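> Quick one: the structure is below, and I'll ask about it shortly.
The values are calculated or read from the model by the stated rules, or taken from the named source; none is laboratory data. Quantities reported herein were computed from a predicted structural model and do not represent experimental measurements. In this analysis, Cβ positions are derived from the backbone assuming ideal geometry, glycine residues included, and neighbour counts consider all displayed protein chains.
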C-alpha cells in the first residue's frame, strides 16, 4: 500500500510524525518538502524515503538523540543522500 495514495494511511502517518519532538518534526517536514520537490526530477520512491526517515527519527528520538546529531548540520545533504540511496 502506498502511504501517499491512501488518505487514511497518510493522515495516520502524519500523526506519527507530529508525535515526534518539535525539532524532529521541523526537520522531517523540511526533508519531506524537499523529497516532494525533487520527485519529478530524481526518480525515487518517496514513500520509502519518508517511511525510513520516520523510523529513523522515532528510534533516535526515543534514544534521546538530538535531531542534528542524527542528520548533521547540512539537512539538505542528508535529504539528498537519502533520496539518492532510495532511487528506483
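> Taking the criterion of being modelled with pLDDT of 95 or more, surrounded by 11 or more Cβ atoms within 10 Å (Cβ to Cβ), closer than 14 Å to residue 21 by Cα and within 11 Å of the chain's Cα centre (by Cα), would at least one residue in segment 57-66 satisfy it?
As a first pass, look at segment 57-66 and keep what is modelled with pLDDT of 95 or more: 57-66.
From the residues that got through so far, the ones that are surrounded by 11 or more Cβ atoms within 10 Å (Cβ to Cβ) too are 57-61, 65-66.
Among the residues that remain, those that are also closer than 14 Å to residue 21 by Cα are: 57-61, 65-66.
If we keep only those that are within 11 Å of the chain's Cα centre (by Cα) as well, we get 57-58.
Scanning segment 57-66, I find at least one residue that is modelled with pLDDT of 95 or more, surrounded by 11 or more Cβ atoms within 10 Å (Cβ to Cβ), closer than 14 Å to residue 21 by Cα and within 11 Å of the chain's Cα centre (by Cα), so the answer is yes.
> Check off (1) part of a helix (DSSP H, G or I); (2) over 12 Å from the mean Cα position of the chain (by Cα); (3) without any contact (Cβ under 8 Å) to a residue 12 or more places away in the chain for residue 84 and give me the number that stays unchecked.
Result: residue 84 passes all but (3).
> Right, here's the next one. Any chance you could count how many residues in segment 12-29 are surrounded by 11 or more Cβ atoms within 10 Å (Cβ to Cβ) and either modelled with pLDDT under 95 or out of contact with any helix residue (DSSP H, G or I) (no Cβ under 9 Å at 6 or more places or on another chain) (or both)?
3
> Can I ask one more? Hey, can you tell me all the residues within segment 37-48 that are in contact with a helix residue (DSSP H, G or I) (Cβ under 8 Å, 6 or more places away or on another chain) and either modelled with pLDDT of 85 or more or not in a helix (DSSP H, G or I) (or both)? Give the derivation first.
Going residue by residue through segment 37-48, those that are in contact with a helix residue (DSSP H, G or I) (Cβ under 8 Å, 6 or more places away or on another chain) are 38-39, 42, 44, 46.
Within segment 37-48, 39, 42, 44 qualify.
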